[in-house]
Amino acid sequence: MARIKNRGTKPELIVRQVLLESGIRYRYNYNGLPCKPDFIFPGRKKVIFVHGCFWHRHPGCKRASTPSSNTLFWETKFNKNVARDAKNQLLLEQAGWEVLVVWQCNLKDKELLQSTILSFLTN
């Protein structure tokens with residue numbers, strides 16, 4: 001698992017491209033919060049997390065399958081990931097930040113992605 005990237009992933013690059021095309025300025029992997037969101041918009045007090053369906057267990061998604069070997073290890077790993085995500089989101093919300101989670105399987109339609117992000121950032 002050491003080869004698994006935690007930043008600069010293809011899903012993150014797609015969101016970056018949408019933000020740049022929309023002319024929206026952001027900070028990337030900012031360290032000054034209780035956790036490390038993928039994109040932060042300090043003036044708006046909003047953050048975006050880009051989650052892979054497999055690692056973050058997107059409910060109802062076919063990509064969120066569990067490997068057939070060593071299932072106990074994988075279920076423990078996935079449960080910890082989900083618990084960490086929920087804790088991080090709660091910490092940010094308690095600190096007054098709004099959170100948007102963008103799932104990997106929802107990145108195919110860039111127009112929908114752009115409208116979702118713009119709607120989130122303007123409200």
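Nothing in this text is a laboratory measurement; each read-out follows from the coordinates by a stated rule. Since we're looking at a predicted model, the values are computed, not measured. In this analysis, Cβ positions are derived from the backbone assuming ideal geometry, glycine residues included, and neighbour counts consider all displayed protein chains.
Does K110 qualify as being more than 14 Å from the chain's Cα centre (by Cα), over 23 Å from L33 (Cβ atoms) and touching a residue at least 40 places away in the same chain (Cβ under 8 Å)?
yes
Restrict the check to region 63-77 and report whether at least one residue is under 22 Å from S115 (Cβ atoms) and either of a type in the set (K, R) or in contact (Cβ under 8 Å) with a residue 40 or more places away in the chain (or both).
no
Mind listing whichever residues of region 31-53 are without any contact (Cβ under 8 Å) to a residue 24 or more places away in the chain and closer than 21 Å to K77 by Cα?
Correct list: K36 only.
If I go through region 78-97 residue by residue, how many of them are in contact (Cβ under 8 Å) with a residue 40 or more places away in the chain and in contact with a helix residue (DSSP H, G or I) (Cβ under 7 Å, 6 or more places away or on another chain)?
0
Quick check on region 27-47. Is at least one of its residues among the aliphatic types (A, V, I, L, M) and within 19 Å of T122 (Cα to Cα)?
Yes - at least one qualifying residue is present in region 27-47.
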